[in-house]
Amino acid sequence: MNSDNQEKQLIEQQKAHFNSIAEKYKEARSGDKHLLIKHLIWHHCLKGLPFDKTKKYKVLEAMCGFAEGRMLIVNHLGLDIDYSGFDYSDVVVNDLKAQYPDLDIRQEDATRFNPAANSYDIIILIGGLHHVPNHAGQVVQNLSGGLNKGGIFINFEPTYGNMLTKWVRRKIYQKNALFDEETERDFSVSELKEFFKNAGLNPLRLRYPGLLSYVLFYNPDAFPFLNIGGKWLVKLTFLIDRLFYGNFIGAFFSFATLSLWRKD
């Protein structure tokens, strides 16, 4: 089998895998503690950004899943948006179309999708690149071409800053049925940064929220045995974690990177 056919097979394998877990994924991420830590992380990392609240922004959510990015932009940035989203999973797309019939939701393959040049003010991609690791740099390059000058690319992605973190996640991917070890992998922090720099984007904000509160509460379907305590523990661990979000300690220990990039 040639390399092109192998890549197509891996992408189809990832699609079939996500279709099989989509409902479980959606249900697990509706819990109170998960929603609270998500709110705290995104509010903290997005506050104070230079957006014009009187403007309507054209937004594309790539590999949109259940349109999480749309809700985050509306809730935390308070922007008026013209939203489009796409995902490769037909299960997800059909669910979204039924739930939000007025939204522009399409089925697209991120590894082949090229938006029209200079057509979006904001592009958001949450936890998508690690599902297409062999194409991640090209996906960022293609999507970035769709940004207007001054446009913002918002990304949240599994990363590692040391080899222990990398090893732990690899073991999790091997043992947990929610992940497909053959088609998914995380990136080093430096590797992730290179994807965006190579696409001609400049860093606006880099944060490393994948610390204790993230491990305990952000992935309850993956680690149900860690989903302990009450909301007080969510708030306490977040207050400690956020001291390290913007420094080398956070980058070294974090299991995820939240980054914002600007097209100047």
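The values are calculated or read from the model by the stated rules, or taken from the named source; none is laboratory data. Owing to the predicted nature of the structure, the values given are computational and were not obtained by experimental measurement. So basically every Cβ, Gly included, is an ideal-geometry build from the backbone, and we count neighbours across all protein chains shown.
Select, from ASN219, ASN227, the only residue that is in contact with a helix residue (DSSP H, G or I) (Cβ under 9 Å, 6 or more places away or on another chain) and surrounded by 20 or more Cβ atoms within 10 Å (Cβ to Cβ). Even if it seems obvious, please write down each step before you answer.
Numbers: ASN227 fails: surrounded by 20 or more Cβ atoms within 10 Å (Cβ to Cβ).
Answer to the selection: ASN219.
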For the structure I just gave you, tell me whether GLY200 is touching a helix residue (DSSP H, G or I) at 6+ places or on another chain (Cβ under 9 Å) and surrounded by fewer than 18 Cβ atoms within 10 Å (Cβ to Cβ).
yes
Kindly indicate the residue of region 230-264 that is touching a strand residue (DSSP E or B) at 6+ places or on another chain (Cβ under 7 Å) and among the aliphatic types (A, V, I, L, M) and also surrounded by the fewest Cβ atoms within 10 Å (Cβ to Cβ) among those meeting that condition.
LEU260
Quick one: ILE152 ticks every box in (1) buried (at least 21 other Cβ atoms within 10 Å of the Cβ); (2) assigned to a loop (DSSP other than H, G, I, E, B) bar one, so which box is it?
(2)
Cross-chain or 6+ apart pairs with Cβ under 6 Å, region 122-140 first and within 15 Å of PHE86 (Cβ to Cβ) and of a type outside the set (S, T, N, Q), then surrounded by fewer than 22 Cβ atoms within 10 Å (Cβ to Cβ) and modelled with pLDDT under 90
HIS131/GLN14; HIS131/GLU184
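Quick check: is even one residue across region 50-61 of a type in the set (Ser, Thr, Tyr), modelled with pLDDT of 90 or more and more than 25 Å from GLU108 (Cβ to Cβ)?
Looking for residues that are of a type in the set (Ser, Thr, Tyr), modelled with pLDDT of 90 or more and more than 25 Å from GLU108 (Cβ to Cβ), one finds at least one in region 50-61, hence yes.
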Taking into account only those residues within region 186-197 that are assigned to a helix (DSSP H, G or I) and hydrophobic (A, V, I, L, M, F, W, C), which is surrounded by the most Cβ atoms within 10 Å (Cβ to Cβ)?
LEU192
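If a residue has to be small (Gly, Ala, Ser) and farther than 24 Å from ALA199 by Cβ to count, how many in region 85-135 make the cut? Steps first, please.
Here is the first cut: in region 85-135, the ones small (Gly, Ala, Ser) are 85, 89, 98, 110, 116-117, 119, 127-128.
Of the ones still in play, those that are also farther than 24 Å from ALA199 by Cβ are 89, 98.
Final tally of qualifying residues: 2.
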Determine the pairs where a residue that is under 20 Å from ASP87 (Cβ atoms) and at pLDDT below 95, located within region 22-49, has a partner that is of a type in the set (A, V, I, L, M, F, W, C) and in a helix (DSSP H, G or I) with Cβ atoms under 6 Å apart, the partner being 6 or more residues away or on another chain.
ALA22/VAL91; ALA22/VAL92
Some residue of region 155-166 being free of Cβ contacts under 8 Å to residues at least 12 places away in the same chain, over 12 Å from PHE187 (Cβ atoms) and part of a helix (DSSP H, G or I):
yes
Breaking point among (1) surrounded by 15 or more Cβ atoms within 10 Å (Cβ to Cβ); (2) out of contact with any Pro (no Cβ under 6 Å at 6 or more places or on another chain); (3) within 16 Å of GLY200 (Cβ to Cβ), for ILE172:
(3)
Number of the condition not met by VAL93 [criteria: (1) modelled with pLDDT of 95 or more; (2) surrounded by fewer than 20 Cβ atoms within 10 Å (Cβ to Cβ)]:
(1)
